[in-house]
Amino acid sequence: TRRVLSGIQPTADSFHLGNYLGAIRQWVTLQENHDAFYMIADQHAITVEQDPKVLRERTRRSASQLLAAGLDPDRCTLFVQSHIPEHTQLQWVMSCLTGFGEAGRMTQFKDKSAKQGADRTTVGLFTYPVLQVADILLYQADAVPVGEDQRQHLELTRDLAARFNARFGRTFTVPEPFIVKDTAKIVDLQDPTIKMSKSASSPSGIINLLDEPKASAKKIRSAVTDTGREVVFDEENKPGIANLLRIASALTGRAVAELEEAYAGRGYGDFKKDVAEALVEFVTPFQERTNAYLDDPAELDAILAKGALKAREVAAETLRAAYERIGFLPPR
Ligand code: TYM
């Protein structure tokens, strides 16, 4: 069976609709017929300042939401990155194969560091993509389900895997990105030129899965659209409507063409109202399930402990092979 790995940062109280449609939904599907490893990237989270108590709480909230979304601990390995020391160990090795300029060309780093200024940008933020490379290569992943914004990090992963293999002999699987085009970039509800994101979106532009469903429904109904009336998929001229069509299609399982037909001649108001309803129908039971997991931290921690045990086995074996190839003297 093919193996997949992916990760998500615990940097907010709630995941947003972009996280869910762009990534988590695919994770749930892929666990059915893949050897699936999914991690909460708490080490990536500390590349920007975190309050310790909040970070711990958000890690549990992340796990609860992933389980509520449908990850099944019997079908996948769900773990916390910092529980597996091999991630930072392999990161060091890979960082010694990464060019300084190569790392400097990562657009997420350039964007974030430009916003923060050089003195507030950490070295950790700079080497962040190399940690992600280690995350993926440790598990010999064939495919990595992510949204469009992670494509460049996956290119770096492929380059470094191939570079290591060429220099030291075949050690790592070179992974493919698994990006579902229709939902790879959910955009901000108020500004369709930017992606929906916890750092860049205004409160009315982002749908957090754990927000009050009524408030989220209202955000959908007041999403920015153009001055036309027809509900048709036109990325160029109707990016707001295109985004809502993508969201509606993913949430209801109805094809975009089918939705266009259903709303022909009915205008934006009707359409938005139904998208809002579909969202409420999804988030209401999702929130109930999330809260049930949050109410049982012992059970949650047991699931994560079991995941760590399984993940560690795979990670340790890969690290051992990499250490040997690179010429480290094995300890005895
Ligand atoms: P993160 O935590 O920012 O986002 C988690 C996942 O959500 C996707 N995503 C989106 N998809 C569609 N539309 C959007 N508006 C949108 N916003 C976010 C992201 O593409 C991502 O798949 N560096 C990663 C976490 C990570 C990782 C890994 C991923 C750490 N190690 C190893 C894959 C493999 C990140 O910050 O994702």
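The values are calculated or read from the model by the stated rules, or taken from the named source; none is laboratory data. Here the structure is a predicted model, which is why all the values come from computation and not from measurement. As a convention, Cβ positions derive from the backbone with ideal geometry for all residues, glycine included, and neighbour counts pool all protein chains shown. In case anyone asks, the SASA skips ligands and DNA or RNA and just uses the protein heavy atoms, side chains included. Shrake-Rupley method; radii C 1.70, N 1.55, O 1.52, S 1.80 Å.
With a ≥ b ≥ c the root eigenvalues of the C-alpha gyration tensor of region 228-329, is it rounded (a/c under 1.5), prolate (a/b larger than b/c) or oblate?
Cα axes put region 228-329 in the oblate bin.
Ordering THR227, THR121 by how much accessible area each has at a 1.4 Å probe, largest first, what is the list?
THR227, THR121
Got a number for carbon plus sulfur as a percent of region 183-332's accessible area, 1.4 Å probe? Don't skip to the end; give the middle numbers.
Details: 4280 of 8220 Å².
Carbon with sulfur: 52 percent of the solvent-accessible area.
Between beta-carbons, use under 14 Å as the cut-off and find the net charge around TRP92, counting Lys and Arg +1, Asp and Glu -1.
Net local charge, TRP92 excluded: -2.
Relative contact order for the chain: what is it in percent, counting Cα pairs under 8 Å that are at least 6 residues apart?
For the chain, the relative contact order is 23 percent.
At 1.4 Å probe size, with no ligands or nucleic acids counted, give the accessible surface of GLU57 in Å², nearest ten.
Approximately 90 Å² of GLU57 is accessible to the 1.4 Å probe.
What is the local net charge at HIS34, summed over the other residues whose Cβ is closer than 9 Å to its Cβ (Lys, Arg +1; Asp, Glu -1)?
Summing Lys/Arg as +1 and Asp/Glu as -1 gives -1.
Can you compute 3J(HN,Hα) from phi for each residue in region 192-204, using the Karplus curve 6.51 cos²θ - 1.76 cosθ + 1.60 with θ = phi - 60°, rounded to whole Hz and x for Gly and Pro?
x, 7, 10, 6, 5, 7, 5, 8, 9, 7, 6, x, 7
What angle do you read, to the nearest 10 degrees and between 0 and 90, between the alpha-carbon axis of helix 239-252 and the longest principal axis of the chain?
In the chain, helix 239-252 runs at an angle near 80 degrees to the longest axis.
Rounded if a/c is under 1.5, else prolate if a/b is larger than b/c, else oblate: which is region 165-235, with a ≥ b ≥ c the root eigenvalues of its Cα gyration tensor?
prolate
To the nearest 20 debye, what is the magnitude of the charge dipole of region 149-236 about its Cα centre, counting +1 on the Cβ of each Lys and Arg and -1 on the Cβ of each Asp and Glu?
460 debye
Just reorder ASP51, ASP42, ASP119 by solvent-accessible area, largest first, 1.4 Å probe, all chains present.
The ordering from most to least exposed comes out as ASP119, ASP51, ASP42.
Give the long-range amide H neighbours of VAL187: residues separated by 5 or more places, or on another chain, with amide H under 5 Å away, using H modelled in the peptide plane at 1.01 Å from N.
MET196
Check cross-link reach from LYS272 to the lysines: straight Cα distance under 22 Å, and skip same-chain residues fewer than eight apart.
Partners within reach: LYS185, LYS195, LYS214, LYS218, LYS219, LYS238.
Hey, what angle do you get for helix 297-326 against the long axis of the chain, alpha-carbon based, 0 to 90 degrees rounded to 10?
It works out to around 50 degrees.
Given the whole protein assembly as supplied and a 1.4 Å probe, what does the accessible area of LYS195 come to in Å², nearest 10?
70 Å²
For the chain, with a Gaussian network of springs between Cα atoms less than 10 Å apart, report the residue from GLU299, GLU102, GLU288 with the top mean-square fluctuation.
Among GLU299, GLU102, GLU288, the largest mean-square fluctuation in the Gaussian network model of the chain belongs to GLU102.
Taking square-rooted eigenvalues a ≥ b ≥ c of the alpha carbon gyration tensor, is the chain rounded, prolate or oblate, where a/c under 1.5 means rounded and, failing that, a/b exceeding b/c means prolate? Intermediate results must be reported in sequence, preceding the final value.
Values: a/c = 1.92, a/b = 1.66, b/c = 1.16.
Judged from the Cα gyration tensor, the chain comes out prolate (a/c at least 1.5, a/b above b/c).
Please arrange LYS306, LYS272 by accessible surface area, largest first, computed with a 1.4 Å probe and ligands excluded.
My answer, sorted largest first, is LYS306, LYS272.
If the elastic network links every pair of Cα atoms under 10 Å, which of LEU137, LEU21, LEU97 fluctuates the most in the Gaussian network model of the chain?
Maximum fluctuation in the GNM of the chain, among the listed residues, is at LEU97.
For a quick check: with amide H placed at 1.01 Å from N, whose amide H comes under 5 Å from GLY7's, ignoring anything fewer than 5 positions away on the same chain?
Amide H neighbours of GLY7, under 5 Å, 5+ apart: MET39.
From the backbone phi of region 211-216, what are the Karplus-calculated ³J(HN,Hα) couplings (6.51 cos²θ - 1.76 cosθ + 1.60, θ = phi - 60°) in whole Hz, Gly and Pro given as x?
In residue order, the calculated couplings are 6, 3, x, 4, 5, 5 Hz.
Based on the Cβ-Cβ distance of GLU155 and ASP270, what FRET efficiency does E = 1/(1 + (r/R0)^6) give at R0 = 35 Å, to the nearest 0.05? Display every interim value, and only then the final one.
Working: r = 42 Å, r/R0 = 1.20.
Given R0 = 35 Å and the Cβ-Cβ separation, E is 0.25.
Given a 1.4 Å probe and the protein chains all in place, what does the accessible area of ASP142 round to, in Å² to the nearest 10?
My reading of the accessible area for ASP142 is about 40 Å².
Per residue, how much accessible area does region 79-143 have with a 1.4 Å probe, in Å²?
For region 79-143, the per-residue accessible area is 43 Å².
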